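All of the numbers you see were taken from the coordinates with simple rules; none came from a lab. What you see is a predicted model, and the numbers here were worked out from it, not measured in a lab. Note that each Cβ is placed from the backbone with ideal geometry, even for glycine, and that neighbours are counted across all protein chains shown.
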Amino acid sequence: MSNLFNIDIVNPEQSFLSKDNVFEVVIPAVEGEIGILKDHIPIISFLKPGIIRVFSESEEQNFYVEDGIVEFKDNTLSVLTSSIFDLKDADKNFVSESISSAEAELSKDNIDDQKRFLLNHKVEVLKSISIN
Amino acid sequence: MPSLDDLRKRITSVKSTQKITKAMKMVAAAKLRKAQENAEKGRPYSEKMNNVILNLSKSITDKENAPKLLVGTGEEKVHLCIVLTADRGLCGGFNTNIIKKAKSYFEKIISEKKTLKIITVGSKGYDQLKRQYKSYIVENISFKESKNINYFDADKVGKIIIEKFEKNEFDVCAIFYNKFKNVITQIPQEQQIVPLNEDKDDKDDSGNDNDYEFEPDEDEILSNLLPKNISTQIFKAMLENSASEQGSRMTAMDNATRNAGELVDRLTIEYNRSRQAAITKELIEIISGAESL
């Protein structure tokens, strides 16, 4: 029996990625990373800034996401996100710009703890990208 | 009776107008294809979003404490209307149809003595509404600068709506736009986005046996998701609108080109007739002059 399932990543403009031969996907859910295998129970969750790792038989793909919603049902993983890019095509300028804008946001006084947490996390992830 | 010279001038002017409308038609046709593609590409996102929300709202048992964006504030005194129109004219009845639809809604609200607030997106809508409803318009947004429709713009509108909702500035929110059916037909739509109206008829309850695991709990996901859904709905409306606008402009310009062609034909016949009449008149004068000798 195969242990593969489908993944659909869509952003508002278009369908970003659609594959039917992945065996594991690791998503940065808001309460921690979740690894999803075939026949996972139906789940709905949302994402924090992080890396989505898609493992298929032949390759591994990494995507950076800022936010989004994931739904897993009937062996199809749907990821809805408005900000996503492939780590391979990561633009150094864009990444450093995002870091500085997030840091600028952090330096403001009027942000709540949850937002501060998310922003800190975002900066961390982005910095780890720019090192690689 | 216009002189020969007048006729000739009119023919040239109609012909050059025809050239413009023809060019506009072709530009619209090219843009239409792209807009249509974009609208189709954007559909999966809003559909999936709808599905997730539907599944979520099914699993919410405690309706009392559900997020207000979903169930409403319990009142419906203040209505906020988002009217999405184009930034350019010359596209047939496109803008007028949306305005007409919106106006009939406005009249209903006003006659029921409820408070009306209007946000216009797109400058044409503002131009047409400011005469009659100036005092109701709270905001006027235009995306003339952005060449393509992007989610970022839609999100801006969405954020304004959320902000207003959190300040309790309205109870019910509806958006008005044109739905693209085909090149000739665009249907003006009125869609309520706050509170969310579920389409009960098109989904059967087969999804009910799916027991989802939620992380974190339903409420938190919903309150995170609903604001996004508003932006998504606005984005969808903007995509549909842009396809409709181009379609509408294409048909309008096609008609204009054809009408100009007919007008040129008619004017040419008139021009030839009066030229012939002048020649005949001159001949008669010459002949009768020769006869009298």
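Worth pointing out:
- Once C-alpha pairs closer than 8 Å and six or more residues apart are averaged by separation and normalised to the residue number of the stretch B:46-169, the relative contact order reads 23 percent.
- Note on B:Arg10 and B:Thr115: the model spin-label points, each 7 Å out from Cα along the C-beta direction, lie 5.7 nm apart.
- Normalised by the number of residues in the stretch B:145-293, the average gap of Cα pairs under 8 Å and 6 or more apart makes the relative contact order 31 percent.
- Exposed-site-free run, longest, chain A (rule: GluC sites (Glu not before Pro); DSSP loop; at most 15 other C-beta within 10 Å): A:60-132
- Candidate lysines - alpha carbon under 22 Å from B:Lys58, same-chain residues fewer than 8 apart omitted: A:Lys73, B:Lys48, B:Lys68, B:Lys200, B:Lys203, B:Lys228
- R0 of 35 Å, Cβ-Cβ distance B:Phe152-A:Leu37: FRET efficiency to nearest 0.05: 0.50
- Just so you know, the averaged projected area of the alpha carbon convex hull for the stretch A:38-95 sits at 4.5 nm².
- Taking every DSSP helix (H) stretch of at least 4 residues in chain B, weighting each as -39,500 (n - 2.57) and dividing the sum by the residue count yields a mean residue ellipticity at 222 nm of -22000 deg cm²/dmol.
- Compactness ratio for the stretch A:91-131: Cα radius of gyration over 2.2 N^0.38 Å (N = residue count) comes to 1.15.
- A simple spin-label model places the labels of A:Lys19 and B:Asn168 5.0 nm from each other, with each point 7 Å out along Cα-to-Cβ.
- On the beta carbon distance between B:Arg88 and A:Asn120, with R0 = 56 Å, the FRET formula returns roughly 0.80.
- Contact order normalised by residue count of chain B, Cα under 8 Å, 6+ apart, percent: 32
- Over all directions, the projected convex hull of the C-alpha atoms in chain B averages 21.8 nm² in area.
- Nearest-ten-degree value, helix A:92-106 long axis tilted from longest Cα axis of chain A: 60
- Label-to-label distance, nm, for residues given as B:Lys41 and A:Asn110 (7 Å Cα→Cβ offset): 3.7
- With a Förster radius of 41 Å applied to the beta-carbon distance between B:Glu190 and B:Leu263, the computed FRET efficiency rounds to 0.60.
- The convex hull around the C-alpha trace of chain A, projected and averaged over every direction, spans 8.6 square nanometres.
- Shape box of the protein assembly as shown [Cα atoms, principal axes, largest first, Å]: 115, 60, 49
- With 32 Å as the limit on Cα-Cα distance, the pairs of B:Lys9/B:Lys179; B:Lys9/B:Lys134; A:Lys19/A:Lys122; B:Lys124/B:Lys159; B:Lys9/B:Lys103 that go past it are B:Lys9/B:Lys179; B:Lys9/B:Lys134; B:Lys9/B:Lys103.
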